[in-house]
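J.: Have a look at this one.
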Amino acid sequence: MLPRLESTKETVEIYFLFARLFREAPSAELLRTIAECKLLTEVRDFLREEEKIAVEFASLFLVPGEKMISPYESSYCDTLTIDSSTACSAYFEPETFPKEGLRGFLCGPSARSVEKYYKTFGFELSPSFHDLPDHISIELEFLGRLDELEKVEEIHKFFREHLGRWIESFLDKMLLQRTSEFYRAVAQGLRGYLEKYFEYDLNHKQIVSNKVI
């Protein structure tokens with residue numbers, strides 16, 4: 001678990017660290033920094049496992065399959081409602097979809113909403129980033145950018161309206177997976193950090209499901 005940090009500079013760096021760990025597999029240099037600074041506790045030395053961790057990263061976040069854990073807000077918070085009542089076929093029975101809608105799809109209202117949030121504060125996604133705006137790495141980095149600007153109220157507002165709605169479900173899956181010991185440690189570290197800094201928000205959050213019809 002990460003220690004409680006005092007300076008804004010340190011908290012900004014922690015946001016950026018976790019953002020980087022979920023954006024790409026860590027380099028040998030980053031693993032060395034994590035080990036030397038003891039940024040994650042209860043972690044053995046991973047310095048010699050750079051290639052192994054890279055493969056684990058791909059299995060968890062890039063390659064579709066049973067091991068993959070979605071790093072996108074939309075897949076946890078948005079629902080897709082399909083009206084099949086008007087479908088007519090002489091050969092097949094109409095398919096019945098759950099009334100509460102379907103979960104797990106990408107690029108839903110959450111992705112569009114979070115991108116507008118970034119633009120409100122003058123931030124645009126880099127052209128070199130070929131992914132969706134509600135990726136966990138982008139939401140964590142945005143918290144760091146707000147922290148740099150000392151926008152305390154906006155940090156908590158963004159957490160309540162976006163990251164805080166789904167981060168616990170994401171971290172629960174990360175802690176249960178057996179693909180990567182390293183990323184279980186990362187998830188534990190991030191959870192400890194967020195529980196200290198967003199305790200009130202986590203205890204008073206309102207889960208809102210965005211629906212697409």
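We did not get these values from a lab; they are worked out from the coordinates using the rules stated. All figures in this text were calculated on a predicted structure; none of them were measured in a lab. Here the Cβ positions follow ideal geometry from the backbone for every residue, glycine too, while neighbour counts run over all protein chains shown.
J.: Return, ordered by residue number, the residues of region 135-162 whose backbone nitrogen is under 20 Å from a label point located 7 Å along Cα→Cβ of Thr8.
T.: What the label zone holds, given the 20 Å backbone N cut-off, is 140-160.
J.: Could you compute the net charge surrounding Ala25? Neighbours are other residues with a C-beta less than 13 Å from the C-beta of Ala25; K and R count +1, D and E count -1.
T.: So the surrounding residues net to -3.
J.: May I pose another question? Exactly which trypsin sites (Lys or Arg not before Pro) in region 130-204 are in a DSSP loop and have at most 14 other Cβ atoms within 10 Å?
T.: Passing both the DSSP loop test and the Cβ count: Arg178.
J.: Okay, next question. Loop-only check: which GluC sites (Glu not before Pro) in region 150-204 are DSSP coil with at most 15 other Cβ within 10 angstrom?
T.: Passing both the DSSP loop test and the Cβ count: Glu150.
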